[in-house]
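Chemist: So that we are looking at the same thing, I have put the structure below in structure tokens.
The values are calculated or read from the model by the stated rules, or taken from the named source; none is laboratory data. Please read all numbers here as calculations on a predicted model, not as lab measurements. Please note: Cβ atoms are built from the backbone with ideal geometry, for glycine as well, and neighbour counts cover all protein chains shown. For the accessible areas, the whole protein counts, side chains as well, though only heavy atoms, and no ligand, DNA or RNA atoms are used. Shrake-Rupley method; radii C 1.70, N 1.55, O 1.52, S 1.80 Å.
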Amino acid sequence: MTTSVRGRGRNSRSAGLGRGVHMKVVVDLTRCQGYAQCAFAAPDVFVMQGDEALLYDTDPDDAQREKIVRAAAACPVQAIFLDRDDTRDDTRIRKPAPETHVAAPGPGEAFKRTGHIVIVGASLAGLRAARTLRQEGFTGSLTVIGDEPHAPYDRPPLSKQVLMGQVPARRTGLPRRDELDAHWRFGVAATGLDLSGKQVLLADGAKVGFDRLLIATGVRARPWPNEAEAALDGLFALHTPEDAEGLRQRLAARPGRVLVIGAGFTGCEVASACRELDLQVTVLDRGPAPLAGALGAVIGGVAAQMQRDNGVDLRCGVRVESLEGDDSGRLRRARLSDGSTLDVEVALAALGSIRNVEWLEGSGLAAGAWGVACDTGCRAVDVNGLVTDDVFVAGDVARCPHPVYDYQYLALEHWGNAVAQAGIAAHNMISAQSERWPHLALPEFWSTQFGTEIKSVGVPTHADHVVIAQGSVAERRFVAVYGYRGRITAAVAFNQAKWLEFYAGLIDRAAPFPPSFRTVDQSTDGHPVAAEVPERPTPQATVVVTGHGPSERRATLVRRTYL
């Protein structure tokens, strides 16, 4: 099995890539350390931006085949994966077969042979879980349900290569490294879950029975809150290939100015793409600095200067009061909280995400705005706080405790976590209790913006102080180490990804903060300062508990507080 969990060996591999079979490329950018060997071997496919930021064509021309294979072989950290592209041949997508509920599973190997697993969420996590199930010997019935009309796709290129016109949005589909024997049901949403009957209810009226279920429904973009303004032509969200293609077309028309509302990772990456296209862009954020919600205001301040140095009109502590359109319904103006106005034709609402849990209302699972609660084995937790035996959760929608972070429940929206957690969930779904694994991988993320590769390991917001341990902030080439109550909890690298493996080991060992050892390229600015991370309100689960005796006490999720 190949995962993005740190510490497990992996190899770049090519699956059935004989001539005549189209090639797909995926780079695990969590693992990539910017050595640029691929860019030397196949410069028409892999391009370095700045010192370490890698962009690549997910769907290269067949004429590049030999160069790409050499690039994958040359990668020092084996981060390049090659696969044939089944998404170009729709006949490979199996039509839904009539649902037949298999008899209740027997233990162990019997279930692996005859069980019926349903995955709700034709996402990166869903696809990863399906592959893992087959790779680990599950030969029973496998159904994958997705509400979007197309096969799983890779989201990171949507805010980068697609917007810059380097990769068409339709060519971001994820490769199916192995031929999966699965019933794919695209374009139909799950609308309910009958836990006692072990059935998923679908929008088309169908019911799909299961022995074990994986919930991997992910998140969606948070829409602009004013419905009338949200309908203005020129206002975009960015989550799907259709979103990316629509925004790309407007950027290609070269608007006078682009407005980005929200300076999280998506907003910053879109601003970067705009500057790459030599477009004027204004970024607004109500917080003190870009990325402050994820990295704290100190490192966010470095990101702010990076934006301004690249020509972005960055305005922090400012919000949009209203958006205005013309008589034809096209976006024309934004009125801001500081009293100013901006004439804009294109705007991106980068307001974060909403977890796709509505279909689980009334199911009895502990699911809400915070996600779907589960244990570290990815087993879903019901509303009473009991773990379920046959329902598992993975990816952006999951919320599970992490021992390294005081057992806090974490919901992680990133590529690496989706891949790692889905692999663990799939393994556990077909394993005996004694053979199950906990999902204890340290959180990781990456973001490519303004020619800089920003990477992180750990949870930067779980910190009270931060120190620049290596490199130079002025040169935008450094490692910032975060600490909480005297131990290291996270590290963030700007164009210094190769050091994160080292700091991951320190986090695993609860090493003391601030780091006192001598290291390569030690910073002269090595004095800890307050990290200035935001105080996050803990998502509140509102429940009513009824009953008296231990056998009677039960909880019910409610939408309002009872007095």
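Chemist: Any residue in region 216-227 that is open to solvent by 30 Å² or more (accessible area, probe 1.4 Å) and over 28 Å from residue 295 (Cα atoms)?
Modeler: Checked against the condition, which is being open to solvent by 30 Å² or more (accessible area, probe 1.4 Å) and over 28 Å from residue 295 (Cα atoms), region 216-227 yields at least one hit.
Chemist: I'd like the full set of residues that are over 22 Å from residue 209 (Cβ atoms) and open to solvent by 20 Å² or more (accessible area, probe 1.4 Å), limited to region 359-386.
Modeler: Answer for region 359-386, where residues must be over 22 Å from residue 209 (Cβ atoms) and open to solvent by 20 Å² or more (accessible area, probe 1.4 Å): 369, 370, 375, 376, 383, 384, 385, 386.
Chemist: Let me ask another. Just to be sure before I move on: is residue 247 closer than 24 Å to residue 341 by Cβ, open to solvent by less than 10 Å² (accessible area, probe 1.4 Å) and more than 22 Å from the chain's Cα centre (by Cα) in the structure I sent?
Modeler: Numbers: closer than 24 Å to residue 341 by Cβ: yes; open to solvent by less than 10 Å² (accessible area, probe 1.4 Å): yes; more than 22 Å from the chain's Cα centre (by Cα): no.
No; evaluated as a whole, the condition is false for this residue.
Chemist: Cβ contacts < 7 Å: first residue open to solvent by 60 Å² or more (accessible area, probe 1.4 Å), restricted to region 196-210; second residue part of a strand (DSSP E or B) and polar (S, T, N, Q), any location; separation 6+ or different chain. Result?
Modeler: 203/191; 207/199
Chemist: For region 333-353, which residues satisfy the criterion of being open to solvent by less than 40 Å² (accessible area, probe 1.4 Å) and touching a residue at least 24 places away in the same chain (Cβ under 8 Å)?
Modeler: 334, 336, 342, 344, 346, 347, 348, 349, 350, 353
Chemist: Kindly evaluate residue 461 against the criterion of being of a type in the set (Ser, Thr, Tyr) and in contact with a Gly (Cβ under 8 Å, 6 or more places away or on another chain). So that I can check it myself, show each step before the final result.
Modeler: Details: of a type in the set (Ser, Thr, Tyr): yes; in contact with a Gly (Cβ under 8 Å, 6 or more places away or on another chain): yes.
Here the answer is yes, as residue 461 does meet what is asked.
Chemist: Related question: For residues in region 387-417 being in a loop (DSSP other than H, G, I, E, B) and open to solvent by 10 Å² or more (accessible area, probe 1.4 Å), which is farthest from residue 360 (Cα to Cα)? Don't jump to the end; show me each part of the working.
Modeler: Residues of region 387-417 in a loop (DSSP other than H, G, I, E, B): 394, 406-407, 411-414.
This time we only want the ones that are open to solvent by 10 Å² or more (accessible area, probe 1.4 Å), so: 406-407, 411-414.
Details: 406: 28, 407: 25, 411: 17, 412: 20, 413: 19, 414: 22 Å.
Within region 387-417, the match that is farthest from residue 360 (Cα to Cα) is 406.
Chemist: So residue 517 passes all but one of these: (1) open to solvent by 30 Å² or more (accessible area, probe 1.4 Å); (2) in contact with a His (Cβ under 8 Å, 6 or more places away or on another chain). Which condition number does it fail?
Modeler: Going through (1) open to solvent by 30 Å² or more (accessible area, probe 1.4 Å); (2) in contact with a His (Cβ under 8 Å, 6 or more places away or on another chain) one by one, residue 517 breaks only (2).
Chemist: If I go through region 332-356 residue by residue, how many of them are of a type outside the set (Asp, Glu) and part of a strand (DSSP E or B)?
Modeler: Matching residues across region 332-356 total 14.
Chemist: Still on this model: Name the pairs whose Cβ atoms lie under 6 Å apart, with the first residue in region 504-521 and touching a residue at least 12 places away in the same chain (Cβ under 8 Å) and farther than 16 Å from residue 441 by Cβ, the second open to solvent by 90 Å² or more (accessible area, probe 1.4 Å) and among the β-branched types (Val, Ile, Thr), and 6 or more positions between them or separate chains?
Modeler: Here the result reads none, with nothing in region 504-521 linked to a residue that is open to solvent by 90 Å² or more (accessible area, probe 1.4 Å) and among the β-branched types (Val, Ile, Thr).
Chemist: Could you go through region 322-332 and let me know if any residue there is of a type in the set (Ser, Thr, Tyr), surrounded by fewer than 23 Cβ atoms within 10 Å (Cβ to Cβ), under 17 Å from residue 353 (Cβ atoms) and touching a residue at least 40 places away in the same chain (Cβ under 8 Å). Step through it out loud before you land on a result.
Modeler: From region 322-332, those of a type in the set (Ser, Thr, Tyr) are 322, 328; that's our starting set.
Still in the running and surrounded by fewer than 23 Cβ atoms within 10 Å (Cβ to Cβ): 322, 328.
Among the residues that remain, those that are also under 17 Å from residue 353 (Cβ atoms) are: none.
Among the residues of region 322-332, not one is of a type in the set (Ser, Thr, Tyr), surrounded by fewer than 23 Cβ atoms within 10 Å (Cβ to Cβ), under 17 Å from residue 353 (Cβ atoms) and touching a residue at least 40 places away in the same chain (Cβ under 8 Å), which makes the answer no.
Chemist: In region 53-72, what count of residues is obtained for those that are within 21 Å of residue 170 (Cβ to Cβ), hydrophobic (A, V, I, L, M, F, W, C) and surrounded by 18 or more Cβ atoms within 10 Å (Cβ to Cβ)?
Modeler: Matching residues across region 53-72 total 2.
Chemist: Is it the case that region 44-52 has a residue that's open to solvent by less than 40 Å² (accessible area, probe 1.4 Å), modelled with pLDDT of 80 or more and not acidic (Asp, Glu)? Outline the logic, then answer.
Modeler: Residues of region 44-52 open to solvent by less than 40 Å² (accessible area, probe 1.4 Å): 45-46, 49, 52.
If we keep only those that are modelled with pLDDT of 80 or more too, we end up with 45-46.
Then drop every residue that is not not acidic (Asp, Glu), which leaves 45-46.
Yes, there is a match, as at least one residue in region 44-52 is open to solvent by less than 40 Å² (accessible area, probe 1.4 Å), modelled with pLDDT of 80 or more and not acidic (Asp, Glu).
Chemist: Can you name the residue in region 147-156 that is in contact (Cβ under 8 Å) with a residue 40 or more places away in the chain and outside any helix (DSSP H, G or I) and, of all such residues, is farthest from residue 450 (Cα to Cα)? Please lay out each step first, then the result.
Modeler: Initially, region 147-156 is screened for residues in contact (Cβ under 8 Å) with a residue 40 or more places away in the chain, giving 147-148, 150-151, 153-156.
Now drop any that are not outside any helix (DSSP H, G or I), which leaves 147-148, 150-151, 153-155.
Numbers: 147: 34, 148: 31, 150: 31, 151: 31, 153: 24, 154: 21, 155: 19 Å.
This residue is 147.
Chemist: Can you tell me which residues in region 455-481 are under 22 Å from residue 49 (Cβ atoms) and either open to solvent by 20 Å² or more (accessible area, probe 1.4 Å) or within 23 Å of the chain's Cα centre (by Cα) (or both)?
Modeler: Across region 455-481, the qualifying residues are 455, 456, 457, 472, 473, 474, 475, 476, 477, 479, 480.
Chemist: Another question, if that's okay. Somewhere in region 445-454, is a residue polar (S, T, N, Q) and open to solvent by 40 Å² or more (accessible area, probe 1.4 Å)? Don't jump to the end; show me each part of the working.
Modeler: First pass over region 445-454, keeping only residues polar (S, T, N, Q): 447-449, 452.
From what's left, open to solvent by 40 Å² or more (accessible area, probe 1.4 Å): none.
Scanning region 445-454, I find no residue that is polar (S, T, N, Q) and open to solvent by 40 Å² or more (accessible area, probe 1.4 Å), so the answer is no.
Chemist: Residue 440 passes all but one of (1) open to solvent by less than 10 Å² (accessible area, probe 1.4 Å); (2) over 18 Å from residue 33 (Cβ atoms); which number fails?
Modeler: (1)
Chemist: Starting from region 441-466, keep only residues that are touching a residue at least 12 places away in the same chain (Cβ under 8 Å) and at positive phi, then list their pairs with residues that are of a type in the set (A, V, I, L, M, F, W, C) and in a strand (DSSP E or B) whose Cβ atoms are within a distance under 6 Å, requiring at least 6 positions of separation or different chains.
Modeler: Listed by first residue and then by second, the contacts come to 451/53; 458/490.
Chemist: Next question. When residue 521 is evaluated against the numbered criteria (1) closer than 24 Å to residue 31 by Cα; (2) touching a helix residue (DSSP H, G or I) at 6+ places or on another chain (Cβ under 7 Å); (3) modelled with pLDDT under 90, which criterion, by number, is the only one it fails?
Modeler: Against the list (1) closer than 24 Å to residue 31 by Cα; (2) touching a helix residue (DSSP H, G or I) at 6+ places or on another chain (Cβ under 7 Å); (3) modelled with pLDDT under 90, residue 521 comes up short only on (2).
Chemist: Considering only residues of region 524-544 that are open to solvent by 70 Å² or more (accessible area, probe 1.4 Å) and farther than 22 Å from residue 458 by Cβ, which is modelled with the lowest pLDDT?
Modeler: Within region 524-544, the match that is modelled with the lowest pLDDT is 540.
Chemist: Still on this structure, please answer the following. If you take the residues in region 266-287 that are assigned to a strand (DSSP E or B) and more than 24 Å from the chain's Cα centre (by Cα), which one is surrounded by the fewest Cβ atoms within 10 Å (Cβ to Cβ)? Step through it out loud before you land on a result.
Modeler: Residues of region 266-287 assigned to a strand (DSSP E or B): 281-285.
Filter once more, so that each one left must be more than 24 Å from the chain's Cα centre (by Cα): 281-282.
Details: 281: 26, 282: 21.
Among those residues, the one meeting the criterion is 282.
Chemist: Does region 369-380 contain any residue that is at positive phi and acidic (Asp, Glu)?
Modeler: Checking region 369-380: not a single residue is at positive phi and acidic (Asp, Glu).
Chemist: Further question: Could you give every pair whose Cβ atoms fall below 6 Å, whose first residue belongs to region 369-387 and is polar (S, T, N, Q), and whose second residue is open to solvent by less than 30 Å² (accessible area, probe 1.4 Å), counting only separations of at least 6 or pairs across chains?
Modeler: Pairs that qualify, where the first residue is polar (S, T, N, Q) and the partner is open to solvent by less than 30 Å² (accessible area, probe 1.4 Å), are 376/400; 376/439; 384/555.
Chemist: A follow-up question, please. For region 93-110, does any single residue satisfy the condition of being surrounded by fewer than 18 Cβ atoms within 10 Å (Cβ to Cβ) and modelled with pLDDT of 80 or more?
Modeler: yes
Chemist: Let me ask you something else. Give the number of residues within region 288-307 that are in contact with a Phe, Trp or Tyr (Cβ under 9 Å, 6 or more places away or on another chain) and open to solvent by 10 Å² or more (accessible area, probe 1.4 Å).
Modeler: 2
Chemist: I'd like the full set of residues that are over 23 Å from the mean Cα position of the chain (by Cα), within 21 Å of residue 461 (Cβ to Cβ) and among the β-branched types (Val, Ile, Thr), limited to region 482-519.
Modeler: Of everything in region 482-519, just one residue is over 23 Å from the mean Cα position of the chain (by Cα), within 21 Å of residue 461 (Cβ to Cβ) and among the β-branched types (Val, Ile, Thr), namely 488.
Chemist: Name the residues in region 144-187 that are of a type in the set (Lys, Arg) and either open to solvent by 30 Å² or more (accessible area, probe 1.4 Å) or modelled with pLDDT of 90 or more (or both), would you? Walk me through it before giving the result.
Modeler: First pass over region 144-187, keeping only residues of a type in the set (Lys, Arg): 155, 160, 170-171, 176-177, 185.
Passing the criteria: 155, 160, 170, 171, 177, 185.
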